[in-house]
Amino acid sequence: MKAPLPSNELKRLLELNDYGLVYDELEDHFKDLTALAAKIAGTEFSLVNIIDSYTQWSVAAEGMETGQIPRENSICQFTILEDRPFEVSNILEDRRFKDEGFAVDEKALKYYLGIPLQTEDGNNLGALCVLDTELKTIDDSKIDMLKIIADEVVNRLVLIKKMHHMEEEAAKAKEAAKKVAHDIRGPLGGILGLSQLIKDKGGKADLTETLQVVDYIFNSSQALLDLTDQILLDALIPSKAYKEVSQDEYTLNIFKGKLLSLYVPQGSQKGVKLDVMVAGENADVPFLKGKLLQIVGNLISNAIKFTPKGKEVKVILSLALGNRSNEISVTVKDNGVGMSKEKIDAILAGQSESTTGTEGERGFGFGLPVVRQLVADQGGRMIIESVENEFSEFRVTLPC
């Protein structure tokens, strides 16, 4: 059953995307907290769940595997509506959940308690929840301890966010240094040439003091020129610049692997094939991650939602290198229900409207407006082409 939308849904999603989370890399950050939560509550299972536009991502778990389910099939979609713990005392008798997979499996879940993961801005990014196959009663003192654990989850998310931002700033500073080196190399070359000319001519006259000064200028200029040459060499020679990729960077090949690991399971759940291809010759050139994963992830989830079973979603990645800046292009194409011109215009205007997927999935209406906002914030552009009942194609270009 689909829950109502939080009143602050767009702000919630934009803050979530600002954290730059990579869902399949978070387990080690929270595994100890899920184990502690289950022990305190006396339950078989505990999860840290993050909820985006389309999906509930279980990023850490005790007693079960991490994974993902559609947002509309989760209990935590109701928890993020609350400012307090949300309890379902008997899942099997609750009309909202009794027909979901977790309630009809051989080991059906019967009890749920969720604590919203609320940020300082009042946005609930997900939930810390405890579950059991037996009916439970959790007293207030234990619930208070679970709230403390939920607060610690949020604290660690904030630290991850700050670390990502610091890495981005450091990488931007490195890029700025490369540009400065490029810009000052020309003037320095001129100074060096002039100094050499003055030195050559001055050698014929008794200008000892002048030559000492000129010699100092010459040596200093040569040192600076060598330094800028080294900076540019590090940036341009593949054997040096591309040997290692830092934590704040992707290459197209690395990004392709990340998309497949995160979204192939989502497509498989529906019987939709996901194909990701890298075009061009720059597959191993590093570039800053930015919000690329959040942008493309939303587009892929949207495409899967509107693609019928047995069809395919295609993603093409490419990177164009320029003298002053590079540009990454992403195309996401599905063979789904398509969109009218009016719908496309509404998306590009930032308007949201919930629609139903090809298998009856209930939409939440904010996935594409979030993409539009993220693309605009990154200084990029998005083009949408679609024919109703045939296909939709999203082309995003971002400076990097």
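Grab the other residues whose beta carbon is less than 12 angstrom from that of residue 14, score K and R as +1, D and E as -1, and report the net.
Values: positive: 11, 12, 291, 372; negative: 9, 15, 18, 52, 121, 377.
Residues close to residue 14 contribute a combined charge of -2.
For segment 101-181, which GluC sites (Glu not before Pro) pass both filters: DSSP loop (anything but H, G, I, E, B) and at most 15 other C-beta atoms within 10 Å? Before the final figure, lay out the partial values.
Details: sites: 106, 120, 134, 152, 167, 168, 169, 175; in loops: 106, 120, 134.
Counting only loop positions with at most 15 other Cβ atoms within 10 Å, the GluC sites (Glu not before Pro) in segment 101-181 are 106, 120, 134.
For residue 145 and residue 93, FRET efficiency with R0 = 41 Å and r from the beta-carbon atoms, rounded to 0.05?
Numbers: r = 27 Å, r/R0 = 0.67.
Rounded to the nearest 0.05, the efficiency is 0.90.
Please label the shape of segment 9-164 as rounded, prolate or oblate, based on the square roots a ≥ b ≥ c of the eigenvalues of the alpha-carbon gyration tensor (a/c under 1.5 means rounded; beyond that, a/b larger than b/c means prolate, else oblate).
Working: a/c = 1.61, a/b = 1.39, b/c = 1.16.
Here segment 9-164 falls in the prolate category.
Could you check the spin-label model distance between residue 170 and residue 2? Points 7 Å from the Cα along Cα→Cβ, value in nm.
4.3 nm
Excluding residue 147 itself, calculate the net charge of residues whose Cβ lies under 11 Å from the Cβ of residue 147, where each Lys or Arg counts +1 and each Asp or Glu counts -1. Could you put the intermediate results ahead of the total?
Details: positive: 84, 142; negative: 140, 144, 151, 152.
Net of charged neighbours comes to -2.
Among 372-378, 123-129, 58-64, 308-314, how do they line up from the highest to the lowest mean number of other beta-carbon atoms within 10 Å?
Values: 372-378: 17.9, 123-129: 25.9, 58-64: 20.1, 308-314: 15.7.
Packing order, densest peptide first, comes out as 123-129, 58-64, 372-378, 308-314.
Determine the sum of side-chain charges near residue 63: Lys and Arg each +1, Asp and Glu each -1, restricted to other residues whose C-beta is under 15 angstrom from that of residue 63.
Details: positive: 31, 39, 107, 110, 136; negative: 27, 32, 44, 62, 65, 105, 132, 134.
Once positives and negatives cancel, what remains is -3.
So, with +1 on the Cβ of K and R and -1 on the Cβ of D and E, and no other charges, what is the size of the charge dipole of segment 9-164 about its Cα centre, to the nearest 20 debye? Numbers along the way, then the final one.
Details: 17 positive and 31 negative charges, 32 e Å.
Magnitude of the dipole: close to 160 debye.
Longer than 25 Å from Cα to Cα, which of 98/147; 136/305; 311/343; 273/341 are they? Say none if no pair is. All intermediate terms of the calculation are to be shown ahead of the outcome.
Working: 98/147 27 Å; 136/305 36 Å; 311/343 22 Å; 273/341 27 Å.
The answer is 98/147; 136/305; 273/341.
For segment 249-399, how big is Rg over Rh, using alpha carbon atoms and the Kirkwood form of Rh? Write out the running numbers ahead of the final one.
On the way: Rg = 14.9 Å, Rh = 15.6 Å.
Ratio value, two decimals: 0.96.
Each value in this text was obtained by applying a stated rule to the coordinates, not by laboratory testing. These figures come from a predicted structure and were not determined experimentally. FYI the Cβ positions are ideal-geometry reconstructions off the backbone, even for glycines, and counts take in every protein chain you see.
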